[in-house]
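The values are calculated or read from the model by the stated rules, or taken from the named source; none is laboratory data. Everything numeric in this text was worked out from a predicted model, so none of it was measured. So basically every Cβ, Gly included, is an ideal-geometry build from the backbone, and we count neighbours across all protein chains shown. For the accessible areas, the whole protein counts, side chains as well, though only heavy atoms, and no ligand, DNA or RNA atoms are used. Shrake-Rupley method; radii C 1.70, N 1.55, O 1.52, S 1.80 Å.
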Amino acid sequence: MSFLENLKLAFYEKKKVKGPFFAKEFADENSQIDDLERLSIKLKEGEKKERIRKDIQLLKAGIKGEKNVYFELKNSFIPFIGLHDIRIEQGNYVAQMDYVIITNKFILILETKQLSGNIVINQDGDFIRVLKNKYGKIYKTEGIYSPISQNQRHASILRDILVKNKIIRRTQVISLVVLANERTIIDKRKCPRNISGQIYRYDQITEYLKREMASKKYKDVDVFEKIQFDIAEFLIQNHKPVKINYIAKYGIAIDDYSDTVNEEKTEYRIEEEKPAGKDLLRKKLREFRLKKAREEQTKAYIIFSNSQMEDLIEKYPKTKEELIKVSGFGKIKTEKYGDEIIKIMNEN
């Protein structure tokens, strides 16, 4: 490619954070749910299968809550770079984050909770869940683990990792817990102020962000856009999704499988599930993107962003003529990467 063509590509792909930009988009698909549903089909009815069903329901409720939060963020008109579902490790420390919001003032870690019942936070900062029947009568109260403590720990781990890797120096990493169930009511009347300011309903996120970004404590802070993208790129490259051994987790043995499954196996052994369908395609596209980014000494999102990758997977182009219709793939990019991308699509 000529110098002029490279210059044009750089110009067309230049990013400006004028509103919400997700470098790692929210996705309804969840590999844990897929794995559990595949496993559940193979099992006999019983206690272990019932546990799996309940875990699937909890995971789906969590995704619904994260989707509510994503809608609010995506329609906030606030300039930031967002990432959904990021997990990073350093030594023995792990930070699992539902959302990372990178602004020019601070980095915000969002923990979403799809809690049922009403939540009361008392004067000691304890979280108490209150469950009522359809007549409004309380039938159960129970203490729950503070999500604030958990998320503050993740924020501290993230900041430590970013500082040690010389990605940031003084940028603040702050924590917010978001209750994503539209029916949940929070009672913070007796709650300590330092805790009250760290937990909100999902429909209050936009106002929280606007108020926090306008706060006087950040008046002299203005993180360069390049650094914001460097942070996002570092998190994407170092994201390490966990692979759960469900056989061990649920204590599944040969006798737990249905007769149909056992009859199909002449020699019984449990194998690790291979990535299938869209997950496998997504993996191949990420590998291609990273390879090209290293070859060209540029950022991976310059090759194509996560949202463009999802559109690529959704439209599934098999020719260059179809590829050019995918979001972010103009004539220049299609000519540059088209042959290799089409090969990936046709092989999957």
In the range 283-302, how many are within 13 Å of residue 341 (Cβ to Cβ), open to solvent by less than 70 Å² (accessible area, probe 1.4 Å) and not aromatic (Phe, Trp, Tyr)?
-> 4
Of all the helices (runs of 4 or more DSSP H) wholly in the range 273-348, which have at least 1 residues that are under 19 Å from the mean Cα position of the chain (by Cα)?
-> 278-296, 300-303, 306-315
Do we have any residue at all in the range 124-132 that's farther than 20 Å from residue 151 by Cα, at pLDDT below 95, of a type in the set (Val, Ile, Thr) and outside any helix (DSSP H, G or I)?
-> yes
Please find, among 69, 17, the residue that is assigned to a loop (DSSP other than H, G, I, E, B) and farther than 30 Å from residue 253 by Cβ.
-> 17
Kindly establish whether residue 105 is at pLDDT below 95 and open to solvent by 20 Å² or more (accessible area, probe 1.4 Å).
-> no
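Yes/no matrix, rows are residues, columns are (1) surrounded by fewer than 18 Cβ atoms within 10 Å (Cβ to Cβ); (2) closer than 14 Å to residue 231 by Cβ; (3) over 18 Å from the mean Cα position of the chain (by Cα):
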position: 133; (1), (2), (3): yes, no, yes
position: 139; (1), (2), (3): yes, no, yes
position: 145; (1), (2), (3): yes, no, yes
position: 154; (1), (2), (3): no, no, no
position: 170; (1), (2), (3): yes, yes, yes
position: 177; (1), (2), (3): no, no, no
position: 180; (1), (2), (3): no, no, no
position: 184; (1), (2), (3): no, no, yes
position: 188; (1), (2), (3): yes, no, yes
Determine, yes or no, whether residue 71 is open to solvent by 50 Å² or more (accessible area, probe 1.4 Å) and not charged (D, E, K, R).
-> yes
Checklist (1) open to solvent by 20 Å² or more (accessible area, probe 1.4 Å); (2) touching a residue at least 60 places away in the same chain (Cβ under 8 Å) applied to residue 59, failing item = (2)
Leading residue by the ranking (farthest from residue 82 (Cα to Cα)) among those in the range 156-168 that are in a helix (DSSP H, G or I) and open to solvent by 70 Å² or more (accessible area, probe 1.4 Å) = 164
